[in-house]
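The values are calculated or read from the model by the stated rules, or taken from the named source; none is laboratory data. A quick note: this is a predicted structure, and the numbers were derived from the prediction, not measured. A quick note on method: Cβ atoms are made from the backbone with ideal geometry, for glycine too, and the neighbour counts reach across all protein chains shown. Please note that ligands, DNA and RNA were not included when accessible areas were found on the heavy atoms of the full protein model with its side chains. Shrake-Rupley method; radii C 1.70, N 1.55, O 1.52, S 1.80 Å.
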Amino acid sequence: MENSLINPDIAPVPCEKRTWSALHFFSLWVGMAVCIPTYMLASSLIDGGMNWSQAILTVLLGNSIVLIPMILNGHVGVKYGIPYPVFARASFGIRGSNIAAMLRAIVACGWFGIQTWIGGAAIYSAVLVLWPEAANLPTVLPEFIGVGLVPFLCFLLFWLINLYFIWKGTESIKWLETACAPFLILCGLALLGWAIMKADGLGPILSSPSRFETSDAFWAFFVPGLTGMVGFWATLSLNITDFTRYAANQKSQVVGQALGLPTTMTLFAFIGVVVTSATVILYGEAIWDPVLLVRRFDSPMIVLVSMFAVLIATLSTNVAANVVGPANDFSNLSPSRISFKQGGYITGLIGILMMPWKLVKDPSGYIFTWLIGYSALLGPIGGILLVDYYLVRRCELSVNDLYRRGGAYWYRNGINWRAVVAFLLGVLPNLPGFLTQVKVLDLSNYPLLISFYHYAWFIGFFLAGVSYYLFSLIERTEAEGETETEEVTV
C-alpha cells in the first residue's frame with residue numbers, strides 16, 4: 001500500500017471496529033428517511049394527478065427497487081471494510097475512481113445545502129415566535145444572494161451544527177442516528193394522530209380520485225415518477241459501503257436496510273399526505289411544507305417543540321446521507337492531504353456556494369429536473385460497480401492492489417477506459433431529454449429521444465452495466481488469445 005493512496009479514514013476498517021448491528025442500520029435509515037423532502041415526496045405525485053394510494057405505492061415501489069443495489073453494494077463494505085471511492089477503484093481504476101466519486105460528491109453537496117437551508121428555515125420559524133420583528137428587518141446582503149439577513153444567519157447557524165458532527169467524526173454520527181430514531185418515529189406518529197383528530201378523519205385528499213382520464217396518461221406520469229423515487233436514494237445506493245464497512249456481518253446490513261428503508265420512507269410519505277389533507281379542512285388550503293404548517297399553530301411552545309423536531313430530523317439526515325459520502329470522496333482525491341474531516345468541510349463550503357435557497361425556490365422541477373437529472377448520472381455508475389464486482393470479479397478483490405499503483409486496478413495510467421466509455425454510453429440516451437427539460441434545447445419534435453429521459457436511472461444502469469460486461473468479455477478473450485499465441489511460439 002502506498003501512503004499517497006491511503007489514510008486512516010479510507011483504509012479498510014479493522015474487524016474489531018465493525019460493530020454495527022441490524023438495529024444500527026435500521027436506526028440509520030430512520031434518521032435519514034425522516035426528513036422534510038420525504039414528507040413532501042408524495043406531493044409532487046399527487047399534484048401531477050395521482051390519488052393518494054397511487055402516490056404512496058409509487059414511493060414504496062421506488063424504494064423497494066433501490067433497496068436491491070443498496071444491499072448488493074453493501075456486500076463489499078462488509079466483506080472488505082472499504083469505503084465507496086476505494087470500491088470504485090476496482091472498476092474505474094485508481095485515478096478513474098475520482099470520476100465516480102466526484103459525480104456522487106457534487107450531488108451530495110447540493111443535497112447538503114438543501115437540507116441545511118431547511119434546517120435554517122426551522123430555526124428562523126423559531127426566531128419569529130420569539131422575535132416577530134425579525135421578519136421586517138431590511139435585507140443588507142448583496143442582491144445576487146437573494147435572501148434576507150436573518151434567514152441567512154439561521155442557515156449559517158444550522159450549517160455550523162452540521163460541521164460540529166463532521167469534526168467529531170463517524171462514531172458521533174452513529175450515536176446521533178441511534179439516539180434520534182425513536183424520537184423521530186414518535187414525532188411522526190404524533191403528527192399523524194393530530195391530523196386525524198383535527199380533521200375528524202383522513203381528510204379530502206385521501207378521498208380525491210385520480211385525475212388521469214386514460215391508462216396511457218397514468219403510465220406516462222408513473223414511469224418518470226417512479227424513476228424520481230429511485231433517484232431519491234440513488235446517491236446512497238452507490239456509497240452505502242461507507243456505512244456497511246462498519247457492519248458486524250452481512251445479515252446486519254441486509255436485515256437493517258430491508259426493515260429501515262422502504263418502510264420508513266413509505267410511512268413518512270403517508271404521514272405527509274394525511275397531514276396535508278387535514279390542512280385543507282383546517283386552513284382552506286393544502287400546506288405541504290411542515291415548516292410553514294407549524295407557523296400556523298397558536299401555541300408558541302408547540303411551535304418551538306415542533307421546530308426542534310424538524311431540526312433533529314434534518315440534522316440526522318444531513319450528516320449521514322450528505323456528509324459521510326462526499327467527505328470520503330474528496331479524501332480520495334488526495335488521501336495524503338485530505339482527511340475525512342477536511343473532506344466534510346469542503347462539502348459544507350460547496351453547500352453554501354451552491355446557494356441552496358435558489359435550488360428549492362422552484363419546486364416544479366423537483367422530480368423531473370433534480371431527482372431524475374442526477375439519477376441519469378448515478379445509475380450508470382451503479383450498473384458498472386455491480387457488474388464488475390459480481391459478474392467480472394465474482395466478489396473477489398485484492399485489497400492491497402486497491403491502494404497501490406501498478407497493481408491489478410492501475411489499468412492504463414490509473415484509468416479503466418472501459419468503465420469510462422460504458423458510463424458515457426449509459427448517460428448518452430438520457431442527454432436529449434435532460435437538455436429539453438432544462439430548456440437548453442428544444443427537441444420536442446423528437447418525442448422518442450425525450451422519452452428515454454423518463455427511464456433515466458433504469459436505462460443508464462442497465463446500458464452501462466451491459467456495455468461494461470461486454471467490454472470485459474472482449475478484453476478477456478483478447479488476453480486469452482495472446483496467451484495461446486505465446487505458448488505456440490514457445
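Using the eigenvalues of the Cα gyration tensor, what equivalent ellipsoid semi-axes result for segment 93-150 when each is taken as the square root of five times the eigenvalue, whole Å, largest first? Each step should come with its number before you reach the end.
Numbers: eigenvalues 274, 40, 5 Å².
Over the Cα atoms of segment 93-150, the ellipsoid semi-axes are 37, 14, 5 Å.
Would you calculate the separation in nanometres between label points at Ile145 and Trp167, each defined as 7 Å from the Cα along the Cα-to-beta-carbon direction?
2.2
What is the angle, in °, between the Cα long axis of helix 417-427 and the longest principal axis of the Cα atoms in the chain? Nearest 10 is fine, range 0 to 90.
The angle comes out at about 30 degrees.
What is the pair-distance distribution P(r) of segment 44-87, computed from all Cα-Cα distances in 5 Å bins starting at 0, with each bin given as a whole percent?
Per 5 Å bin, starting at 0, the Cα pair percentages come out as 5, 20, 17, 12, 11, 10, 9, 9, 5, 0.
Considering the Cα trace of segment 141-289, what is its radius of gyration and what is Dmax, both in angstroms?
Rg and Dmax of segment 141-289, Cα atoms, are 20.2, 54 Å.
Under the √(5λ) rule applied to the eigenvalues of the Cα gyration tensor, what semi-axes describe the equivalent ellipsoid of segment 1-68? Give them in Å, descending. Present the calculation step by step, with values, prior to reporting the outcome.
Numbers: eigenvalues 294, 45, 25 Å².
Whole-Å semi-axes of the equivalent ellipsoid: 38, 15, 11.
Output the relative contact order of segment 1-129, whole-number percent, from Cα pairs under 8 angstrom with separation of 6+ residues. Before the final figure, lay out each step's value.
Values: 40 pairs, mean separation 31.9, N = 129.
After rounding, I find 25 percent.
With a 1.4 Å probe and all protein chains left in place, how much accessible area per residue does segment 1-78 have, in Å²? Walk me through the intermediate numbers first.
Working: 2640 Å² over 78 residues.
For segment 1-78, the solvent-accessible area averages 34 Å² per residue.
Could you work out, for segment 206-263, what percent of all Cα-Cα pairs fall into each 5 Å distance bin, beginning at 0 Å and stopping at the bin that holds the largest distance?
Per 5 Å bin, starting at 0, the Cα pair percentages come out as 4, 14, 16, 17, 13, 10, 9, 8, 6, 3, 0.
Once the Cα atoms of segment 235-287 are picked out, what are the Rg and Dmax in Å?
Answer for segment 235-287, Rg first and Dmax second: 17.3, 51 Å.
Using only Cα atoms, tell me the angle between helix 340-353 and the longest principal axis of the chain; keep it within 0 to 90° and round to the nearest 10.
That works out to roughly 50 degrees.
If you average over every viewing direction, what projected area does the convex hull of the Cα atoms of segment 367-418 give, in nm²? The partial results should precede the final answer.
Working: hull surface 19.1 nm².
Orientation-averaged projected area of the Cα hull: 4.8 nm².
Of all the Cα-Cα pairs you can form in segment 129-183, what percent are over 13 Å apart?
Working: 1055 of 1485 pairs.
Every Cα pair in segment 129-183 considered, those over 13 Å come to 71 percent.
Restricting attention to the alpha-carbon atoms of the chain, what are Rg (one decimal) and Dmax (integer), both in Å?
That works out to 23.4, 90 Å for Rg and Dmax.
So if the hydrodynamic radius of segment 173-246 is defined as the Kirkwood radius over C-alpha pairs, what does Stokes-Einstein give as its diffusion coefficient at 20 °C and 1.002 mPa s, in µm² per second? Could you put the intermediate results ahead of the total?
Details: Rh = 16.6 Å.
Once the numbers are plugged in, D ends up at 129 µm²/s.
Taking all protein chains in place and a 1.4 Å probe, what share, in percent, of the accessible surface of the chain do carbon and sulfur account for? Don't jump to the answer; show the numbers that get you there.
Values: 13850 of 20570 Å².
That share works out to 67 percent.
Rg/Rh for segment 231-363: what does it come to with C-alpha atoms and Rh from Kirkwood? Mind showing how you got there, number by number?
Numbers: Rg = 18.7 Å, Rh = 17.9 Å.
Looking at segment 231-363, the ratio lands at 1.04.
Just flag the chymotrypsin sites (Phe, Trp or Tyr not before Pro) in segment 87-156 sitting in loop per DSSP whose Cβ has no more than 12 other Cβ atoms within 10 Å.
Values: sites: Phe87, Phe92, Trp111, Phe112, Trp117, Tyr124, Phe144, Phe152, Phe155; in loops: Phe144.
Loop-located and lightly packed - Phe144.
Using only the Cα atoms, what convex hull volume per residue in Å³ does segment 401-446 have? Write down the numbers at each step before the final one.
Values: hull volume 4.5 nm³, N = 46.
Here the figure is 97 Å³ per residue.
With N set to the residue count of segment 1-127, report its C-alpha Rg divided by 2.2 N^0.38 Å to two decimal places.
Working: Rg = 18.7 Å, N = 127, 2.2 N^0.38 = 13.9 Å.
Taking N as the residue count of segment 1-127, the ratio is 1.35.
What is the helix-to-structure angle for 300-321, meaning the angle in degrees between its Cα long axis and the longest Cα principal axis of the chain, kept from 0 to 90 and rounded to the nearest 10?
That helix lies at roughly 10 degrees to the long axis.
Counting only GluC sites (Glu not before Pro) that are in a DSSP loop and have at most 14 other C-beta atoms within 10 Å, tell me the longest site-free stretch of the chain.
On the way: sites that count: Glu2, Glu143, Glu213, Glu285, Glu396.
Segment 3-142 is the longest.
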